[in-house]
Structure formats: C-alpha cells, structure tokens
Amino acid sequence: MRTSPPATSKPSKASAISATSVALSAVLLVLLAVLVPFSALSAWVDLEIDDTDRYVAAVSPLSSDPAVQSTVTDLITDEAMRQIDLGPLQETVRDFLHEAVRSFTSTEAFRTAWDTANRTAHEAVTAALGGDSGEAVTIDLAPVIEQVKQDLVSQGVPFADQIPVQPTEITVIGADRADSLRDSFHWLRYCSIWPAVATLVLLVLVVGIATVRGGLRAALTATAAVGAGFVLGAIVLLILVAVGRSRVLDEVPGSDRDAAAAVVDALTASLRTTVWAVLAVGAVLLVGAVVARVLLRRRRPGRG
C-alpha cells in the first residue's frame, strides 16, 4: 500500500523560507541604518571637505550672506580703530569707516577676496581637523582685509591706510569641539567612499540571494527592507547633522556665531540634500515593494 507524504511538508518548507527572509530583512535593516549615514559622511569628507575647489564652491555664496558681511565689517572696523586714536572724533570716524567697509562687502572685489580667503583657509581647516589637539578651526580674513584696505585707500577714504593687515579670524569650530571631532574625521577621511561602495554591493548581494532562494516574494521582502533601511538611515543622518551643528555652534564665540552658522550650513548643504535623496529613494522602494507584494498576493487565488 502506497503512503502519501505528510501534508505539512510544503508549508513547513515555505515557513522556513519565510522565516529566513524575515531574519535576513531584519539584519539588513540594522546594517543599512548604520551604513547609510556612515557612507554619506565619509563620502562628504572625501568629496567636499578634502577637495579645495568643492569647498570654495560651497562657501563662495556666503559672500552675499548678511551675517557674514556683518561679521566681516565689524571685525575689520574693530581692528582698524585699534590703530586710530582721535579723541572725541573716535566714534564719528568709526561710524564712517564701518559704513565704508559695509559698502565694500557688496562689491565684486569682496566676493573675489572672500574666495581667496577661503581657498587659503581650506588648507588650514583640513590641517586643524587632521592635526594636533588644541587647534580651533578658523577662517583668516587677512586676504579680505588687504583687499578692503586697497579699495578704500584708492577711494581716498580717510585713515584707510591705517587699517592693519594681520591675521583676523572667524571661528567656525572651537578648539574643544574640534578635538572631539578629530578622531571621527580621521576615520571618515581614511574610509573615503568605500563604505558607500560596500553598501551598494551588500544590497545587490542580499536582494540577489533572496531572489534565488525564495523567488519573487522574497525579493520583494528584501527590497522593502532596503527601502526601510534607507529611510531609517536617512533619519539617523538628519539627526546627526542637526546635533553636530548645535554642538559645533555651542562653542563658537557670540560675535562669530551667525557667520559660523552660515559656514556650517553651507558646508553641510550637500549632506542635507543626500538625506532627502536617500529618504525619497527609500520611500519609493518600500512603498513599491509592499504594493507589489499585495498585488501578487491578490493575483494568486485567481490563478488557482
């Protein structure tokens, strides 16, 4: 007498595949939540912070930022007035010089000087982040002051020739905060773009393995996990950028804070763009995979 195989063999196999797919998706979700922000940060350091042209391009528009113009105007005026003593006329001359410098910050010459200052500052910024402890990250305005002085002297502005051209810095990251960032910066610089490459390879492997072992449904489950991981990773990155910005600005002197905030925001603009791009891709993958699974489940009874 022929015995038929147990009726539970097929469901058991399907259950095992389903459990494996769920476990793999959970692991993938956790990995992506870590890898996505790490990949974005290391690529950002390699492609923008370590690249002089991209760095200058990021901060160049700040020459038109009111906070930057105000900070530069105040710093140059203060340095100049330390060299001038006119007794009762001191404040009158100060106001006149302040207005002259403020007018200069709206010219093309100031924009050129600002770019020159930041191109020179880039080396100092990367050296400070990669160097020894105790160094703040600053932008030296000496090239800007030199251009201001030449312009005001050529216009015949009184006392403009007494403006001292010496290191005059805007603090972007305080020394203590820079110390706490250096180890992270070293790791991100060392890793370069390879975490991003590893993330893409991981995704291809996971989705490919899921497709081979479990078919279309397992592939869709893995794709949904990828989408959820992207969304979670983007949220983590957004939180890291916001917390990092707050902590960096906490230690910046009050007189430099508005300008420092503008610089930090300009340098992290590409990171925020990455956040929204990853979030959008993740949402599309997640929603698309879930919808595809629902449609697939609805079609199966009709086939039977």
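The values are calculated or read from the model by the stated rules, or taken from the named source; none is laboratory data. In this text, all values refer to a predicted model and were calculated from it rather than measured experimentally. Virtual Cβ from ideal backbone geometry, glycine too; neighbours counted across all protein chains shown. Accessible surface is based on the protein model in full, side chains and every heavy atom, while ligands, DNA and RNA are left aside. Shrake-Rupley method; radii C 1.70, N 1.55, O 1.52, S 1.80 Å.
Using the beta-carbon distance between Ser255 and Tyr190 and R0 = 41 Å, what value does 1/(1 + (r/R0)^6) give for FRET efficiency, to the nearest 0.05? Provide the component values of the computation, followed by the final result.
Working: r = 35 Å, r/R0 = 0.86.
According to the calculation, E is roughly 0.70.
Considering only protein heavy atoms and a probe of 1.4 Å, how much of the accessible area of region 219-292 is carbon and sulfur, as a whole percent? Walk me through the intermediate numbers first.
Details: 2390 of 3240 Å².
Looking at region 219-292 in its full context, I get 74 percent from C and S.
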Each label sits 7 Å from Cα toward the beta-carbon; between Val243 and Asp183 the label points are separated, in nm, by 1.5
Relative frequency of Cα-Cα separations exceeding 16 Å in region 98-160, percent: 51
Whole-Å distance linking the alpha carbon centroid of region 148-171 with that of region 64-126 is 8
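For region 147-304, what is the Kirkwood hydrodynamic radius in Å, using each pair of distinct C-alpha atoms?
On the way: mean 1/r = 0.0492 Å⁻¹.
When all Cα pairs of region 147-304 are included, the Kirkwood radius is 20.3 Å.
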Point-charge dipole on Cβ atoms (K/R +1, D/E -1) for the chain, about Cα centre, debye to 20: 4140
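Which value, in Å to one decimal place, does the Kirkwood hydrodynamic radius take for the chain when every pair of different Cα atoms is included? Display every interim value, and only then the final one.
Numbers: mean 1/r = 0.0432 Å⁻¹.
Answer for the chain: a Kirkwood hydrodynamic radius of 23.2 Å.
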What accessible area per residue, rounded to a whole number of Å², is obtained for the chain using a probe radius of 1.4 Å? 54
As a check on your grasp of the helix formula, calculate [θ] at 222 nm for the chain: sum -39500 (n - 2.57) over DSSP H runs of n ≥ 4, divide by the residue count, round to the nearest 500. -26500 deg cm²/dmol
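Residue separation times 0.36 nm, minus the C-alpha to C-alpha distance between Arg111 and Glu91: what's the value?
Values: separation 20, 0.36 × 20 = 7.20 nm, distance 2.81 nm.
Extra length from Arg111 to Glu91 when fully extended: 4.4 nm.
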How much accessible area does Arg189 have with a 1.4 Å probe, in Å² rounded to the nearest 10? 90
What's the magnitude of the charge dipole for region 67-196 around its Cα centre, counting Lys and Arg as +1 and Asp and Glu as -1 at the beta-carbon? Answer in Debye, nearest 20. 320
Along the positive direction of the dipole of the chain (beta-carbon charges: Lys, Arg +1; Asp, Glu -1; about the Cα centre), which of Ala124, Ile193, Gln162 reaches farthest? Ile193
Which residue, Ile209, Gly233, Leu295, has the largest displacement toward the positive end of the dipole of the chain when charges sit on each Cβ (Lys, Arg +1; Asp, Glu -1)? Leu295
